[in-house]
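The values are calculated or read from the model by the stated rules, or taken from the named source; none is laboratory data. Keep in mind the model is a prediction, meaning the values are calculated, not measured. Note: ideal-geometry Cβ built from the backbone for every residue, glycine included; neighbour counts use all protein chains shown.
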Amino acid sequence: MISFALDEEEKMIKDTAESFGKVLREGMRKWEKEGVPYEIISKYEETGFGMIDVPEDIGGSGLGFFKKVLTLENLAYGCAGTTLYLELPSLIKHIFVQADPQIKQKYKDEKNLSFFIDFDGVFEIKEDGSISGKANAVLGKNIRTFLLLMKDGKVFVFDDFQITPKKPLALDAVGVNEVEINSKPQEVFELKDQGKYFISVVRLYLSAIQSGIIRASFDYSSKYAMERVAFGKKIAHHQGMAFILSDFSIAVSACQLYTYKAAWSLDTKQEDFFRVCADCFAFVSETAEKFTVWGVQILGGHGFVKDHPVEKWMREAKAISLLFGGKHYAEMDAEQII
């Protein structure tokens, strides 16, 4: 008989991630202002979650993307911004999976990296080999090395660039920057599949985080709807609200299952993983944007103040849907237009 239940290792990962997610939930407002403290970073490194999916030849455990998704969605249930901050180093390691051994070894232990995928062609390669352009949303803090991934799969590595921290409307904990380049790269290497593997990994990470956000918003707003009384009964028992909560619950399950499918496609390579991950990110982002707004509206005026976390989840869902080409380019890739 086929069983779809989690095995013992997967249950342990899920339970541990849930516990750590509760810690992130407790500190999310503080870290949104002050940044993630070293104590949390150190505790997270001890869990080994960051390296679960990273191949062994670049320092990881090589346990696959399904276990990573279990981790990400439960951490993001606590705080998506902090999750992105903690996971950014392991996400970037995947850009070196297809690189030459020398490149893998060189950047194996480097942590102060960030990257940008130039979907829109904002960077120009000049005749002398220098590159100029400006990236408006680069994640991370204390960035020392910047990786620029072009649509043809070439990766340019820079240590000479100008970086300006920006005040975002969301994802404050991870840090958002403007990076301007007008120099020659210190190194260039090429990804075999035009970066499709790495782009798919990025979209899977973001989809899993979005899945955690929408579930958090549903749990919080549905609990509020079961406690808030209007016109003599709980607002969840009014027909219109009941329909909304029903659709909300279905959306949570749909996002979770689609993210699991995308993780499976990357783990097994039995499907067109690039299209599946693109379609997953487009669907989950669109769904998360829509229903985290409902999460705010279920609370009415209370939903817009920081006494409740639903407004944070609404901001984060929108911001994540715009990252790294956003759902727009994901939709185009899913339709195999480009």
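Here are a few things to note about the model shown:
- Considering residues of segment 1-38 that are among the hydrophobic types (A, V, I, L, M, F, W, C) and assigned to a helix (DSSP H, G or I) only, the residue surrounded by the fewest Cβ atoms within 10 Å (Cβ to Cβ): Met12
- Any chance Ser285 is in contact with a helix residue (DSSP H, G or I) (Cβ under 8 Å, 6 or more places away or on another chain), closer than 23 Å to Gly325 by Cβ, of a type outside the set (Val, Ile, Thr) and modelled with pLDDT of 95 or more: yes
- The residues listed here are Leu63, Leu24; of these, the one that is in contact with a helix residue (DSSP H, G or I) (Cβ under 9 Å, 6 or more places away or on another chain), hydrophobic (A, V, I, L, M, F, W, C) and more than 21 Å from Leu139 (Cβ to Cβ) is Leu63.
- Filtering segment 203-225 to residues that are of a type in the set (Lys, Arg) and touching a residue at least 40 places away in the same chain (Cβ under 8 Å) leaves Arg203, Arg215.
- Only one of the numbered conditions (1) over 23 Å from Val54 (Cβ atoms); (2) surrounded by fewer than 20 Cβ atoms within 10 Å (Cβ to Cβ); (3) β-branched (Val, Ile, Thr) is not met by Val310, and that is (2).
- Failed condition for Ala282, given (1) touching a Ser or Thr at 6+ places or on another chain (Cβ under 8 Å); (2) crowded, with 23+ Cβ neighbours inside 10 Å: (1)
- Residue list for segment 133-170, restricted to those being on the phi > 0 side of the Ramachandran plot and in contact with a Lys or Arg (Cβ under 8 Å, 6 or more places away or on another chain): Gly153
- Being touching a Leu at 6+ places or on another chain (Cβ under 6 Å), of a type in the set (A, V, I, L, M, F, W, C) and surrounded by 21 or more Cβ atoms within 10 Å (Cβ to Cβ) is a property that Val174 has.
- Listed by position, the strands (runs of 3 or more DSSP E) inside segment 110-207 whose residues that are under 25 Å from Asp100 (Cβ atoms) and not aromatic (Phe, Trp, Tyr) number at least 1 are 113-117, 131-139, 145-149, 154-158, 176-183, 187-190.
- Taken over segment 268-278, the criterion of being in contact (Cβ under 8 Å) with a residue 24 or more places away in the chain and either surrounded by fewer than 17 Cβ atoms within 10 Å (Cβ to Cβ) or in contact with an Asp or Glu (Cβ under 8 Å, 6 or more places away or on another chain) (or both) is satisfied by Phe274, Arg275, Ala278.
- Filter result for the condition that a residue is charged (D, E, K, R), in contact with a Phe, Trp or Tyr (Cβ under 8 Å, 6 or more places away or on another chain) and outside the structural domain of Thr259 (by TED's automatic domain parsing), over Glu39, Glu26, Glu45, Glu87: Glu87
- Apart from one condition, Ser221 fits all of (1) part of a strand (DSSP E or B); (2) surrounded by 21 or more Cβ atoms within 10 Å (Cβ to Cβ); (3) not aliphatic (A, V, I, L, M); the exception is (1).
- Test result for Ser200, in contact (Cβ under 8 Å) with a residue 60 or more places away in the chain, under 17 Å from Leu322 (Cβ atoms) and in contact with a Cys (Cβ under 6 Å, 6 or more places away or on another chain): no
- Single residue of Val176, Val188, Val252 found to be out of contact with any His (no Cβ under 8 Å at 6 or more places or on another chain) and either over 24 Å from Thr82 (Cα atoms) or polar (S, T, N, Q) (or both): Val188
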